[in-house]
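Just below is one structure, and these are the notes that go with it.
The values are calculated or read from the model by the stated rules, or taken from the named source; none is laboratory data. What you see is a predicted model; the values in this text were computed from it and never measured. Every residue, glycine among them, receives a Cβ derived from its backbone with ideal geometry; neighbour counts consider all protein chains shown.
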């Protein structure tokens, strides 16, 4: 948004409107309507913006007009006293229809007494009640989802075992979470004929979208589960999935879990060494992959990376739905042959799910630490229920909804969207190709997506490629953004594509939480690039520099500590000391030792929150948690003149995704171009880590600041960079 003084909405004239891209005729017509609206709403800035957004502005209007109206409507808003101005407002009629609104109306007076008014007015009190009574809340929500226990839990939460600071959730339960996702559930309107997955392959823009019903998806998953057993895999075996988020990836993911095996999540962007690390840490017995990745009209090799990683037995899916033509290693098998092997069981499309204790592993995901090896985080059969309850309460996923979230199974949002949709009776929408351009925009229209998730860098790309222009995205009820800090202006643009009829819900959590600790809500006004509430059942303390919690609701900035009673949170790691990573050294709060997460939050006036980055040496790049140490390890050997490097993530003063800057100390020698170094670092990161991390700038230093114990002070370097205009990102 513009920094200079903005005209008041009453000062806007024809010339101002024409500068946004409207014609003279369009400007006059818009001005007439604008003046009418302003006269009707009086002096309320919020009412003025809401009326303009919902009655005057249209998705097809040039974005500068949206910017002008938003800024002019809030020209005298005092952010220091009132916090960021709201951009979207809940309506009671719609709030009553949401999942959480229905729950509150049914149980509000039972749990809050006569103070209960309605879902909007009483949300804050109800959230506090859920955090104080997480077992009661969870029991209700589980009854609203597609969950089947073969043996019900002895209780919802057992906190008697002090060794487990987060308590034991659903002890004694026996289930298979993939079976829950695949079975009909009449109570929530989920039948065998309900659509479960919708997809389109890149290059098929003019063809109808493809789909599978719940019954059809279950049959295909059953065949793959049978083929896994016929191929010699057994209960408990770890099997990697390294491929884009396609219909085959979803089928494979559910099949591995249905068969009582454990998915090893591997991002399709990883180089061979990273694939090898994840296979080693998980002790994978096999891997499901593709021969190529088709993206943006290009065929990018994938199977060859799996081979270079010396991964175990591979099941290879053709990227273009034709037969695999690559020569496979001895022991590897093509998808067609693999599926045909299931015929040996007689009824390949029926399979008896392997039911297991709820704490049994279903998925192993990975999150970067501040050392070289990624943390291996197991998800149990209970863990994905967190994905379902968060999306039920905060994204309001209902039966018949269509959820799109460009990602893959290598990151937690891949499994999240699978369970967010299927446990709530919705459908997953996946696009087999690049989600950046207009072809993807058409897919969103044709699939009739109702909830669309994104990361800020993706939203920026959509804006730059005019992804939504000319397409009807009116089926979308809300957006959600996660992974990195949002840009306020990009958020405004994204909401404008649906005429501001729904919110953009910021959502932040982590792989080790299986969901979000802070989010937006359909029951609260939403501000640009800001959170409005901690997630249901969640308590969070914001800590000062001495580790003391700030008073609740006081504006402040500090590292967060999560109250350990958090459903879905990890309780062990495969390759690290869980207590040391998450609890050691943390202060106590309300009688419990807080759980470390590493985020720094700002609590602002008005009840909103903004993310302020990481408290440690981890950063978010392209929505992916990245280790500064790992990036530096790669860059230190990228050029012969490099003595040492420091990887720093900075954010523009206007907000938005973090940008990677490499600081470098050089050995003596001839002058060297920063562009040469930038190219060397970019190549090293792309080939040895991932091509998703882009180097925005390179800066040299004579020496790096360090502590007395020789620890690199990246925070000092970050502050220095933020003061230099030439490395500030222009968003």
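Considering every residue within segment 571-593, establish whether at least one is outside the structural domain of residue 135 (by TED's automatic domain parsing) and under 20 Å from the mean Cα position of the chain (by Cα).
Within segment 571-593, not a single residue is outside the structural domain of residue 135 (by TED's automatic domain parsing) and under 20 Å from the mean Cα position of the chain (by Cα).
Looking at segment 251-272, is at least one residue over 25 Å from residue 422 (Cα atoms), crowded, with 18+ Cβ neighbours inside 10 Å and at pLDDT 95 or above?
For segment 251-272, residues over 25 Å from residue 422 (Cα atoms), crowded, with 18+ Cβ neighbours inside 10 Å and at pLDDT 95 or above: absent.
Could you tell me which of the residues 320, 308 is out of contact with any strand residue (DSSP E or B) (no Cβ under 7 Å at 6 or more places or on another chain) and farther than 15 Å from residue 228 by Cβ?
308
Go through 411, 379, 392 for me and flag whichever is at pLDDT below 95, closer than 30 Å to residue 150 by Cα and not assigned by TED's automatic domain parsing to the domain that holds residue 151. Show your work before the answer.
Details: 379 fails: at pLDDT below 95; 392 fails: at pLDDT below 95.
Just a single option satisfies the conditions, and that option is 411.
Quick one: would you say residue 710 is over 27 Å from the mean Cα position of the chain (by Cα), part of a helix (DSSP H, G or I) and at pLDDT below 80? Show your work before the answer.
Working: over 27 Å from the mean Cα position of the chain (by Cα): yes; part of a helix (DSSP H, G or I): no; at pLDDT below 80: yes.
For residue 710, the condition - over 27 Å from the mean Cα position of the chain (by Cα), part of a helix (DSSP H, G or I) and at pLDDT below 80 - is not met.
Counting only residues that are at negative phi and surrounded by fewer than 19 Cβ atoms within 10 Å (Cβ to Cβ), give me the strands (runs of 3 or more DSSP E) lying completely in segment 555-642 with at least 1 of them. Don't jump to the end; show me each part of the working.
Details: elements: 556-562, 595-603, 609-614, 618-621, 624-627.
Ranges flagged: 556-562, 595-603, 609-614.
Please find, within segment 14-51, the residue that is farthest from residue 83 (Cα to Cα) out of those that are assigned to a loop (DSSP other than H, G, I, E, B) and at pLDDT below 95.
Restricting attention to segment 14-51, the residues satisfying the condition of being assigned to a loop (DSSP other than H, G, I, E, B) are 20-23, 42-44.
Going one step further and asking which of them are at pLDDT below 95, we end up with 42-44.
Numbers: 42: 22, 43: 19, 44: 16 Å.
In this case the residue turns out to be 42.
Any residue that is modelled with pLDDT of 80 or more, touching a helix residue (DSSP H, G or I) at 6+ places or on another chain (Cβ under 9 Å), in a loop (DSSP other than H, G, I, E, B) and under 18 Å from residue 615 (Cα atoms) - is there at least one of those in segment 693-705?
From segment 693-705, those modelled with pLDDT of 80 or more are 693-705; that's our starting set.
When the remaining residues are screened for being touching a helix residue (DSSP H, G or I) at 6+ places or on another chain (Cβ under 9 Å), the result is 693-701, 704-705.
From what is left, the residues that are in a loop (DSSP other than H, G, I, E, B) are 693-694, 701, 704-705.
The next check asks that each one be under 18 Å from residue 615 (Cα atoms); those that pass are 705.
Yes, because at least one residue in segment 693-705 is modelled with pLDDT of 80 or more, touching a helix residue (DSSP H, G or I) at 6+ places or on another chain (Cβ under 9 Å), in a loop (DSSP other than H, G, I, E, B) and under 18 Å from residue 615 (Cα atoms).
So, residue 207, is that one surrounded by 15 or more Cβ atoms within 10 Å (Cβ to Cβ) and free of Cβ contacts under 8 Å to residues at least 60 places away in the same chain or not?
Details: surrounded by 15 or more Cβ atoms within 10 Å (Cβ to Cβ): no; free of Cβ contacts under 8 Å to residues at least 60 places away in the same chain: yes.
No: the conditions fail for residue 207.
Given the condition modelled with pLDDT of 95 or more, surrounded by fewer than 24 Cβ atoms within 10 Å (Cβ to Cβ) and within 21 Å of the chain's Cα centre (by Cα), answer yes or no: does some residue in segment 453-473 qualify?
Checked against the condition, which is being modelled with pLDDT of 95 or more, surrounded by fewer than 24 Cβ atoms within 10 Å (Cβ to Cβ) and within 21 Å of the chain's Cα centre (by Cα), segment 453-473 yields at least one hit.
Suppose the filter is in contact with a strand residue (DSSP E or B) (Cβ under 6 Å, 6 or more places away or on another chain) and either over 20 Å from residue 424 (Cα atoms) or in a loop (DSSP other than H, G, I, E, B) (or both); does residue 84 pass it?
Working: in contact with a strand residue (DSSP E or B) (Cβ under 6 Å, 6 or more places away or on another chain): yes; either over 20 Å from residue 424 (Cα atoms) or in a loop (DSSP other than H, G, I, E, B) (or both): yes.
Against the criterion (in contact with a strand residue (DSSP E or B) (Cβ under 6 Å, 6 or more places away or on another chain) and either over 20 Å from residue 424 (Cα atoms) or in a loop (DSSP other than H, G, I, E, B) (or both)), residue 84 qualifies.
If we only count strands (runs of 3 or more DSSP E) wholly inside segment 281-337, which ones have 1 or more residues that are out of contact with any helix residue (DSSP H, G or I) (no Cβ under 6 Å at 6 or more places or on another chain) and over 30 Å from residue 465 (Cα atoms)?
286-290, 313-317
From the list 408, 432, exactly one residue is closer than 30 Å to residue 179 by Cβ and touching a helix residue (DSSP H, G or I) at 6+ places or on another chain (Cβ under 7 Å). Which is it?
Unique residue meeting the criteria: 408.
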